[in-house]
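The values are calculated or read from the model by the stated rules, or taken from the named source; none is laboratory data. No experiment lies behind these values; they were computed from the predicted model shown. Using ideal geometry, Cβ is built from the backbone for each residue, glycine included, and neighbour counts are taken over all protein chains shown. What goes into the accessible areas is simple: the full protein's heavy atoms, side chains included, and nothing from ligands, DNA or RNA. Shrake-Rupley method; radii C 1.70, N 1.55, O 1.52, S 1.80 Å.
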Amino acid sequence: MDAINKIIQELQKAAVQVANLLQKREVEYTHGSNSSGDNQLKVDILADKLFGNILSEIGIKGFASEERESAVIFYDNDNMYDTNQEIPMQSLLVGFDPLDGSSLIDSNLTIGSIFGIYHSEFIGNKLLCGIYFLYGPRLEMVVARDKKSLHYLYNYATHTWDFIQEFALQEKGKINAPGGTQKEWFNGHKKIIEGFFQEGYRLRYSGGMVADLHQILCKGGGIFSYPATKDSRKGKLRKLFEVFPFALIFENAGGEAIDGQNRLLLLDTKSIHETTPCFFGSKREINKIIEGYKKISL
Ligand code: AHG
Ligand code: MN
Ligand code: MN
């Protein structure tokens, strides 16, 4: 089994444990906040520990989590393995959001966990694999690697992850999922979003990016945006833990992922908690965003 498959297999075990944890009504907040300033729930910390423990034991180069100030690095010397070999475990880095959409737990809405597996460096163009788990009425997983985005369902009777489908977005969808506080939107952005509604797009937005993006993938297209806003010029969503994994998932599914102009996966990363404005969707909607943003001075 190759190193990436081994990591996926371990994450699957932890995700089943997280899904079980979420069955309890564990909605208490801690007194702490993470590096992005979000209040942490007890389950955010528990999920982070669970995934962190598993990732500490499989021999990867290191990991970084939304819930931890700094990256945890085990092997810091890239020369210690033979680069001609198939990708060795010690060269792989995992960036993850242990629970995404955790503020929706109290209302029992769908939340998720997001992972990116990077080769040697935490940057978008070294992302080899993007994964998310979805804790909804069903436990599901999506894995993007080797130019494909594959969708699986966990079977509690057989303890297996059964293949459902390969995602393939159409040229155009019907869903508009506009993130960010509207009061803080720039006028140009507002016009683009309203333009979609005037064309007949329907609002579908839960406030958890895993569920919102999953819906677009399952329905075959649409647009999700989390823009630069007046109070947050670099957006809210984190490159390594949220944005890059979904960018790969959308590109592999035949869609696109941009920051308004540029491909997200080509963006530079200077620190692990960096954020970026982001747009994920099918080709027609992304072209509309690019055209619209060309006319905007933020
Ligand atoms: P997290 O729960 O990991 O902090 O992430 C929540 C994210 C994302 O899922 C969602 O799209 C976005 O935050 C919503 O944020 P606001 O409600 O603050 O706009
Ligand atoms: Mn998140
Ligand atoms: Mn989170």
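Within the stretch 217-232, not a single residue is of a type in the set (Gly, Ala, Ser), in contact with a Gly (Cβ under 7 Å, 6 or more places away or on another chain) and closer than 22 Å to Glu67 by Cβ.
Taking the stretch 36-58 as the range and being within 14 Å of ligand 2 (Cβ to nearest atom) and under 20 Å from Gly112 (Cβ atoms) as the test, the residues that pass are Ser36, Asp38, Asn39, Gln40, Leu41, Val43, Asp44, Ala47, Asp48, Phe51.
From the list Ala253, Ala228, the one residue that fits, being touching a residue at least 60 places away in the same chain (Cβ under 8 Å), more than 17 Å from Ser36 (Cβ to Cβ) and surrounded by 19 or more Cβ atoms within 10 Å (Cβ to Cβ), is Ala253. Taken over the stretch 142-177, the criterion of being more than 15 Å from Ile216 (Cα to Cα) and of a type in the set (A, V, I, L, M) is satisfied by Val143, Ala144, Leu153, Ala157, Ile164.
Exactly one residue out of Pro98, Pro88, Pro137 is touching an Asp or Glu at 6+ places or on another chain (Cβ under 8 Å) and either outside the structural domain of Ile54 (by TED's automatic domain parsing) or open to solvent by 10 Å² or more (accessible area, probe 1.4 Å) (or both), and it is Pro88. Cβ separations smaller than 7 Å between residues 6+ apart or across chains give the following pairs from the stretch 41-53 residues that are in contact (Cβ under 8 Å) with a residue 12 or more places away in the chain and open to solvent by less than 10 Å² (accessible area, probe 1.4 Å) to residues that are within 13 Å of ligand 1 (Cβ to nearest atom) and in a helix (DSSP H, G or I): Leu41/Ser102; Leu41/Ile105; Val43/Ser102; Val43/Ile105; Asp44/Ser102.
Here the strands (runs of 3 or more DSSP E) wholly within the stretch 1-78 that include at least 1 residues being in contact with a Leu (Cβ under 7 Å, 6 or more places away or on another chain) are 29-33, 62-65. State yes or no: is Gly207 of a type outside the set (A, V, I, L, M, F, W, C), within 16 Å of ligand 3 (Cβ to nearest atom) and open to solvent by 20 Å² or more (accessible area, probe 1.4 Å)? The answer is yes for Gly207. Being buried (at least 23 other Cβ atoms within 10 Å of the Cβ), within 11 Å of ligand 1 (Cβ to nearest atom) and either among the charged types (D, E, K, R) or at pLDDT 95 or above (or both) is true of Ile114.
To keep it simple, each residue is scored yes or no on (1) of a type in the set (Phe, Trp, Tyr); (2) over 13 Å from the mean Cα position of the chain (by Cα); (3) within 16 Å of ligand 3 (Cβ to nearest atom); (4) assigned to a strand (DSSP E or B).
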position	(1), (2), (3), (4)
Val94	no, no, yes, yes
Ser113	no, no, yes, yes
Gly116	no, no, yes, yes
Phe133	yes, no, yes, yes
Pro137	no, yes, no, no
Glu140	no, yes, no, yes
Tyr152	yes, yes, no, yes
Leu169	no, yes, no, no
